[in-house]
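For reference, the structure discussed in these notes is given below.
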Amino acid sequence: MKTSFFILVLALGLAAGCRGQRSKEAPIVPIRNMYHQPRYNPQAESPFFQDRRTMRPAVEGTVAREMEIEPEVSLGRFSDDSGYVLEIPDSVSAGFAGWSNMMDRGQKRYAIYCAPCHGASGNGEGIVVKRGMLPPPSFHDPRLRHIPDGQLYATIRNGLGNMPSYRHMIPVQDRWAIVAYVRALQLSQAPSSELAVVEQPSDSDSEEVKKESSP
């Protein structure tokens, strides 16, 4: 009987001791493992480096595995930085395995990132404009119909005016796909007097060219 009473009192004592309460003491962790790691917190100082910064800049010349290194593709400008590329680089369309695939991708990305401001038809009357935002210029403005493809791409990458940069949200290939779709929108509503009949090679035509060029 005494033994049972003693066990009951001990159990109640242990239960009371486990009651949650605030404490400034460090928690008791029997197995430390990686509880205390030799690491630095973001923006912390370190006497190890001369500039005392723990967040180190990338080594000069470092290239990420997924990084596009061709300036004509990644920046939309010629390699000598003399100006914007006039048309979408061939390597970009080749990466989509055809213009139809690139156009389809561009239409989907445009609907997500561009249509809220620029409108589904590119007239600059998107839903956020109807709710009070200053309207962006229409893609059907003659000035924007005649700018180089690289300049349109660079605007998506770097932003302009009220438009923020989308480089962190839209990958390189998708930016070019949006450019292709914007050009399609412009052609669909361009005045007949300004239209030039230009046939874009189809996927089947590309295959025929390859067969003819092969030995």
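The values are calculated or read from the model by the stated rules, or taken from the named source; none is laboratory data. Please read all numbers here as calculations on a predicted model, not as lab measurements. Remember, those area values only see protein heavy atoms, side chains included, never the ligands or the DNA or RNA. Shrake-Rupley method; radii C 1.70, N 1.55, O 1.52, S 1.80 Å.
Brief remarks on what is shown
- Mean separation of Cα contacts under 8 Å (6+ apart) over length of the stretch 51-108, as relative contact order %: 15
- Per residue, the solvent-accessible area of the stretch 90-175 (1.4 Å probe, heavy atoms of protein chains only, all protein chains present) comes to 56 Å².
- In order through the stretch 119-135: 3J(HN,Hα) via Karplus (6.51 cos²θ - 1.76 cosθ + 1.60), integer Hz, x for Gly, Pro: x, 5, 9, x, 8, x, 10, x, 5, 6, 5, 5, 9, x, 6, 4, x
- The stretch 83-191, accessible surface, carbon-and-sulfur percent (1.4 angstrom probe): 57
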